[in-house]
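Computed from the coordinates by the stated procedures, all read-outs in this text should not be read as laboratory data. Everything numeric here is computed off the predicted structure, so don't read it as measured data. Ideal geometry is used to build each Cβ from the backbone, glycine not excepted, and the neighbour counts take in all protein chains shown.
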Amino acid sequence: MGCDRRLPLVARRRRLPPLPWLLARRAHRGQGPERPPLQRLVQRPQRLLSGLGPPRDHPGHRFRRGAAHGSGPVRLPRHRRRRRCRRGCRVRPRQARRGGARDRRHLFPGRDRAGRPAGAHGDVTAVRVLHLAPLWLPVGRESSGGVETLLAGLLAAQHASGCAVAVVASGDSALPAGVELVAPVPVALVAQMGAGTAWEYEYFEQEALARGLERAGGFDVVHSHMGAAAFAALPGALHTWHNDVTADLEWFVGRRPQLRLTAVSEAQARRLRAAGARRCEVVPNGIDVAQFPFHDVAGSGLAFLGRMEAEKGPDLAIAAAHALGRPLILAGPIVDHAFFAERVVPGLGPDIEYAGVLGHDDKAELLGRSSCLLVPSRWEEAFGLVAVEAMACGTPVVALANGALGEVVDDDVTGFTTSDPGELADLVLCADKLDRAAVRARAADRFSIERTARRYIDLYGEIAEDRW
């Protein structure tokens, strides 16, 4: 059925069903009896009939010309008019102009007028945050994992700032006082797998995510350090990526550009943003500088701290020590036993020792009395926390410029970087001339845990602002 061209223009534009010409004309003029049939014929009468009222010259039109009170349009009562400025824009109601939101402080203790978390001075410090930690190793400053060591200091700093902090981690974690522990497993997975009581990490990881989801409603922000496993389960959380950026991660970020991500270095952030991440901030890792005593004078020995695997390059550290004729102490867990037996053990001797896995105090002592820390990583380091720990002791760092190590180490100030492993030995001699006090001062200025905690708290405030 085609459209009748004799219909009024407004009816043709709205694609009304064809009607007799007289019915349509009377409906357009508002002559009563024909309007109900028109309402029954159209699909959305309340929308379509809004344009089918009486014409402007009709006696009943409220804006008809030539009204009884002068030549202008009939004005509505004052209480029914829309307030407009001189340009014709609508003016917001008085309550909205004055700040608008109701005072919700009586509903949410410890929050500001709009219900957002607020500190004593109006800044967002009294945030309730739930951290999700990996289950491989326990969280604590004695842990051998970089993420777990970082979290121990971060939790303490945020709690000291007034935040209510909880963490989902293994039950053997050593947490600071005042931090709540949610333990999906009693012992970390590395220990369980070594004892033969656990085999596949994914099931325990899913249990940790489930526990986090159960508790998420009682917190303002969920901060995940678990990696890709939490992306889909917690799309509204803040996700910190602690590992190197792979092609698979770039693929996923390109399809989920709205994820809230934080990178620990600009090297990570550049790749994530190039892949499509729209909300990616950089928050460098930090340490509690006071936990690393300063050593003004050191011996001639070198140090290497890291996992015993090809990616970390302990064999390159041994080669540099042999070239210099200096003693070297290696420390860290043995991850690749075949590599350790083939590339590390043959290089050990009276001056080159393997010390195993060290606790915090022994690690700080080794770093402090060493003349230089070698970080010859072959892979793209996401950050390099051990380099910051050495600098806090006043010990300069010589590293391969892979990943974020070029950002962490300030050439000619806190150490040197190179892309050629053969230059490591020569750079150690240059590092001996650096001022150890200046090395520590730069580390304290750039990588204090208080600065890291403050940056994360600022991000928590932005997330809480979006929620409220």
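Every pair of different Cα atoms in segment 292-446 enters the Kirkwood calculation, which places the hydrodynamic radius at 15.0 Å.
Taking amide H as placed 1.01 Å from N in the peptide plane, the amide H of Gly415 sits under 5 Å from that of Val397, Asp410, each at least 5 places away or on another chain. Taking a point 7 Å out from the Cα of Ala437 in the direction of its Cβ, the residues of segment 360-397 whose backbone N falls within less than 14 Å of it are 394. Residues His225, His322, His242, ranked from the fewest to the most other C-beta atoms within 10 Å, line up as His322, His242, His225. Net length available on complete extension from Asn243 to Ala210 is 9.6 nm, with 0.36 nm assigned per residue and the Cα-Cα distance removed. Annotation: amide H-H contacts under 5 Å for Val282 (H modelled 1.01 Å from N, sequence separation of 5 or more, or interchain): Ala263.
A simple spin-label model places pseudo-atoms 7 Å from Cα toward Cβ; at Val335 and Ala177 they are separated by 3.6 nm. Taking 25 °C and 0.890 mPa s as conditions, segment 370-410 diffuses translationally at an estimated 246 µm²/s according to Stokes-Einstein applied to its Kirkwood radius (Cα pairs). Residue separation of Tyr201 and Ser419 scaled by 0.36 nm, minus their Cα-Cα distance, works out to 74.9 nm of gained length.
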